[in-house]
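None of the figures in this text is laboratory data; all of them are computed from the coordinates on show. Predicted, not measured: the structure shown is a model, and the values here were computed from it. Cβ: placed from backbone, ideal geometry, glycine included. Neighbour counts: every protein chain shown.
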Amino acid sequence: MYYDYGESMSYRLRIIALSGLLIILGAVLPVCVMLYLSWSQTINTEQQQLKSYAQIMITRAHVSV
């Protein structure tokens with residue numbers, strides 16, 4: 001009887017590599033999502049503040065004319 005250990009080891013190595021990749025993806029993906037969401041919220045807040053400031057400046061310009 002002959003048993004091929006090479007094929008079994010290759011399968012194990014693929015499972016280990018896939019598991020490692022999924023672990024890394026599971027750790028990095030939530031961080032990337034939160035980074036994007038916080039950046040998006042910051043941009044929206046800054047744009048609202050700039051619009052408000054611009055409206056104040058427009059009002060002051062009209063008053064001074």
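Details
- Shape call, the chain: gyration tensor on alpha carbons, a/c limit 1.5: prolate
- Relative to the current alpha-carbon distance between residue 54 and residue 11, full extension at 0.36 nm per residue lengthens the span by 9.2 nm.
- The modelled label-to-label distance for the pair residue 39/residue 22, using points 7 Å beyond Cα in the direction of Cβ, is 2.8 nm.
- Tilt relative to the chain, helix 5-64 - C-alpha long axis, 0 to 90 degrees, to 10: 0 degrees
- The chain: chymotrypsin sites (Phe, Trp or Tyr not before Pro) in DSSP loop, at most 15 other beta carbons within 10 Å: 2, 3
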